[in-house]
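The structure under discussion appears below in the form of structure tokens.
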Amino acid sequence: MNENIDNNQFSKISLKPRFRIERSETKEVIVEKFENEFAQGGSKFSGKIVDHHIIIDVPKNEGHFWSPQLHAEVDETEAKNTIIKGLFGPKPTVWSLFMFIHFGVALAFLVFLVLLYTRWSLEQDYQFAMLMCIAMPILWFALYFLGRVGKKKSRHQMGQLRQYFFEILER
């Protein structure tokens, strides 16, 4: 079950842990395993398959804002082996909101930096712009650590998703 996955995978600095494994089965066989599992129902997790992408979600009754999602992409290599690239992360809506806020903070930093330079070169009061230029990176780091807290809060569910994924894969 630990094929090419480091035990420290979830403690890396990235907010969205990844894994990559190679299998001798064809892409169709692997996708069919998951299609059969999802069609049976009664599973703890819900999932869907779009082309060769497998998406597994935590059930709604156990979910929270930081609940993870496992997105696995199944591709064939030239040697007719299959590579599965997995990505744990928040649901796309949560991730999009988080990235939008990061973009807003970066844009605000640039605006205040231009304002600071303009006011400084015109010899006007630039204290507010300087304060905001200091506050924006602090806010950015706070957002980063908030994401790390969310990842830590969802670590248990990531482990459950990983175990479920490999159980199906080994059938």
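Of the residues that sit in region 121-164 and are of a type in the set (Ser, Thr, Tyr) and surrounded by 12 or more Cβ atoms within 10 Å (Cβ to Cβ), which one is farthest from HIS71 (Cα to Cα)? Break it down into steps so the answer makes sense when it comes.
As a first pass, look at region 121-164 and keep what is of a type in the set (Ser, Thr, Tyr): 121, 126, 144, 154, 164.
Pick out the ones that are also surrounded by 12 or more Cβ atoms within 10 Å (Cβ to Cβ) and you get 126, 144, 154, 164.
Details: TYR126: 47, TYR144: 22, SER154: 15, TYR164: 13 Å.
Selected residue: TYR126.
Just to check your reading of the model, which residue among LEU146, LEU107, LEU113, LEU131 is in contact with a helix residue (DSSP H, G or I) (Cβ under 6 Å, 6 or more places away or on another chain), assigned to a helix (DSSP H, G or I) and outside the structural domain of PHE65 (by TED's automatic domain parsing)?
Working: LEU146 fails: in contact with a helix residue (DSSP H, G or I) (Cβ under 6 Å, 6 or more places away or on another chain); LEU107 fails: in contact with a helix residue (DSSP H, G or I) (Cβ under 6 Å, 6 or more places away or on another chain); LEU131 fails: in contact with a helix residue (DSSP H, G or I) (Cβ under 6 Å, 6 or more places away or on another chain).
The match here is LEU113.
Given the condition exposed (fewer than 13 other Cβ atoms within 10 Å of the Cβ), more than 30 Å from PHE19 (Cβ to Cβ) and in contact (Cβ under 8 Å) with a residue 12 or more places away in the chain, answer yes or no: does some residue in region 101-115 qualify?
Looking for residues that are exposed (fewer than 13 other Cβ atoms within 10 Å of the Cβ), more than 30 Å from PHE19 (Cβ to Cβ) and in contact (Cβ under 8 Å) with a residue 12 or more places away in the chain, one finds none in region 101-115, hence no.
I need every pair where a residue in region 9-29 that is over 16 Å from ILE55 (Cα atoms) has its Cβ under 7 Å from the Cβ of a residue that is polar (S, T, N, Q) and modelled with pLDDT under 80, sequence separation at least 6 or different chains.
ILE21/ASN4
Could you grab me the full set of residues in region 53-83 that are assigned to a strand (DSSP E or B) and either in contact with a Ser or Thr (Cβ under 8 Å, 6 or more places away or on another chain) or farther than 15 Å from PHE19 by Cα (or both)?
Filtering region 53-83 for residues assigned to a strand (DSSP E or B) gives 53-57, 68-76, 82-83.
Listed by number, the residues that qualify are ILE56, ASP57, PRO68, VAL74, ASP75, GLU76, THR82, ILE83.
Restricting attention to region 84-94, does a residue exist that is touching a Phe, Trp or Tyr at 6+ places or on another chain (Cβ under 8 Å), surrounded by 14 or more Cβ atoms within 10 Å (Cβ to Cβ), assigned to a helix (DSSP H, G or I) and of a type outside the set (D, E, K, R)?
Yes - at least one qualifying residue is present in region 84-94.
Pairs please, first residue from region 142-171 and touching a residue at least 12 places away in the same chain (Cβ under 8 Å) and closer than 30 Å to THR82 by Cβ, second anywhere and of a type in the set (Asp, Glu) and surrounded by 18 or more Cβ atoms within 10 Å (Cβ to Cβ), Cβ atoms under 8 Å, 6+ apart in sequence or on different chains.
ILE168/GLU37
When VAL58 is evaluated against the numbered criteria (1) crowded, with 20+ Cβ neighbours inside 10 Å; (2) out of contact with any strand residue (DSSP E or B) (no Cβ under 8 Å at 6 or more places or on another chain), which criterion, by number, is the only one it fails?
Unmet condition: (2).
The values are calculated or read from the model by the stated rules, or taken from the named source; none is laboratory data. Values in this document were obtained by computation on a predicted structure and should not be read as measured data. So basically every Cβ, Gly included, is an ideal-geometry build from the backbone, and we count neighbours across all protein chains shown.
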